[in-house]
Amino acid sequence: MNIYIYIACMAGVTFLIRVLPLTLIRKEIKNRTLRSFLYYVPYVTLAVMTFPAILNATQSPIAAAVALLVAIVLAWLRRGLFTVATASCLTVLLLELFL
Amino acid sequence: MTRRQWFFRGMHAGIPISLGYFAVSIALGITARQAGITAWQAALTSLLINASAGEYAGFALITVGAGYIEVLLMETVANARYLLMSAALSQKLKGGVPLWQRLLLGFTVTDEIFGVSIGLPCALDPFFTYGVFCVATLGWTSGTFVGAVLGNVLPARLLSALSVALYGMFISVFIPEARKSRVVAVLVAVSFAASFACAYLPVISQISEGIRIIVLTVVISLAAALLFPINEKEKEGEA
C-alpha cells in the first residue's frame with residue numbers, strides 16, 4: 001500500500017464533492033423548498049457534528065459540557081470565532097485541573 | 001469593492017480560523033503519526049484535503065491498512081456535507097464567475113470557510129474566500145506538521161483543551177444565526193437531541209458517524225424546509 005495513492009484517493013474524491021455543485025448549478029434555484037433546505041443545511045450539520053461529539057473530545061466529559069455552554073453563551077453575545085474557540089479551550093484547561 | 005479589497009478582507013476574517021485550525025490540526029498530526037505517516041506527508045494531506053473529519057477517517061483507515069476503495073467510500077461519506085455547502089454557495093455567488101474560479105472556490109470549502117463566506121451580508125466575491133483560505137490553510141497545514149513532529153511531547157492536559165477548539169468554531173457559526181432566527185434556534189436544539197439519541201441508541205449507534213451526520217442533516221433540514229419554508233423577501237434581503 002502506497003501512502004501517496006492513499007492521499008491521492010482522499011484528495012481526488014474530496015475535490016470532486018466540493019466542486020461538482022458549484023460548477024453544475026449555474027442558475028438561481030427557484031424552488032422554495034430546495035432553497036429553504038440549502039439555507040438550513042449548514043446550521044443543522046454543524047450542530048449535529050458538535051453534540052454529543054464534543055463530550056468525547058476531552059479527558060473529562062463534564063469539562064467539555066461546561067466548555068460547550070461557555071461557547072454558546074459567548075457566541076450568543078456575538079463574540080468572534082477566535083474568542084469563542086479560545087474561551088472553550090481555556091475552560092477545559094482550567095476545569096481539568098480540578099476534575 | 002475591488003478583488004484586492006475582498007482578498008484582504010478575507011485574510012482578516014481568516015486569522016481567527018487559522019488560529020483555531022492550528023490548535024485543532026495538532027491533534028490531527030498526532031493521528032497521522034500513529035498511522036505511520038511522516039510529518040511532510042501529513043502536511044501535504046492537510047494542504048490538499050483540508051477537511052478535519054475526512055482526514056481523521058482517512059488516517060484511521062490507513063492505520064488498519066484498508067483498501068483504496070474503502071478510503072474512497074469513507075471520504076465520500078465523511079465529506080458529503082460539502083456537496084450541500086457547495087450547492088448553497090452556488091446560490092450565494094455573484095454573477096459572471098468563470099469555471100476555473102468555481103473550481104478554485106470549491107476547493108476551499110470547509111465548515112468554517114463556508115461559514116464566514118455564507119455569512120456575508122451581500123453576494124459572494126470568490127476573492128474574499130481565497131483570502132480566508134490562504135490564511136486558514138497556513139494554520140491547518142503547519143498545525144498538522146507540528147502535531148506529527150512533536151505530538152508525543154505535548155502534555156495530555158493541553159491536547160484535551162485544544163481538542164474543543166474545533167467545536168468552539170462550529171458553535172460560533174450556528175449560534176449567531178440561531179439568535180437571528182427562531183426556527184434555526186429550534187433546529188439547533190433538535191439537532192443536538194437527535195444526534196445525542198443516535199449516538200447512544202442500540203443498533204443506530206453502530207452506524208458510522210459520517211453516515212449518521214449525513215442522514216440527520218438531510219432529514220432535519222428537509223423537515224424544516226417543508227414545515228418552515230423561508231420567507232422569500234427576507235431571503236432576498238440576506239442574499
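Since every read-out is calculated from the coordinates, none of them should be taken as a lab result. Bear in mind the structure is a predicted one, so any value in this text is a computation, not a measurement. Positions of Cβ are backbone-derived with ideal geometry, glycine not excepted, and every protein chain shown enters the neighbour counts.
Things to note:
- Our coupling estimate for segment A:2-19, obtained by passing each phi through the Karplus curve with A = 6.51, B = -1.76, C = 1.60 and θ = phi - 60°, is 9, 4, 6, 5, 4, 4, 5, 4, 4, 5, x, 5, 5, 4, 4, 4, 6, 9 Hz, Gly and Pro reported as x.
- Size descriptor for the protein assembly as shown, Kirkwood hydrodynamic radius: 20.1 Å (Cα pairs only, one decimal).
- Tilt relative to chain A, helix A:32-50 - C-alpha long axis, 0 to 90 degrees, to 10: 40
- Between A:78, A:18, A:32, the Gaussian network model of chain A with springs among Cα atoms under 10 angstrom shows the greatest mean-square fluctuation at A:18.
- Take the Cα of residue B:4, go 7 Å toward its beta carbon, and the backbone nitrogen atoms of segment B:118-132 under 19 Å from that spot belong to B:125-132.
- Highest average packing first - A:43-56, A:79-92, Cβ atoms within 10 Å: A:43-56, A:79-92
- Look at the stretch B:56-65: the mean tally of other chain Cβ atoms within 10 Å of its residues' Cβ atoms is 2.
- When the chymotrypsin sites (Phe, Trp or Tyr not before Pro) in segment B:144-228 are filtered for DSSP coil states and for at most 12 other beta-carbon atoms within 10 Å of their beta-carbon, no site remains.
- Between the listed residues A:75, A:22, A:5, the Cα displaced farthest toward the positive end of the dipole of chain A, a dipole computed from Cβ unit charges relative to the Cα centre, is found at A:22.
- Kyte-Doolittle mean at least 0.5 and Cα axial length at least 20 Å: DSSP H helices in chain B: B:126-150, B:165-180, B:182-200, B:209-227
- Shielding value for A:68-75 is 5, the average number of Cβ atoms from other chains within 10 Å of each residue's Cβ.
- The reciprocal of the average 1/r between distinct C-alpha atoms defines the Kirkwood hydrodynamic radius, which for segment A:3-95 equals 16.5 Å.
- Every helix of 4 or more DSSP H residues in chain B counts as -39500 (n - 2.57), and over all residues that averages to -25500 deg cm²/dmol at 222 nm.
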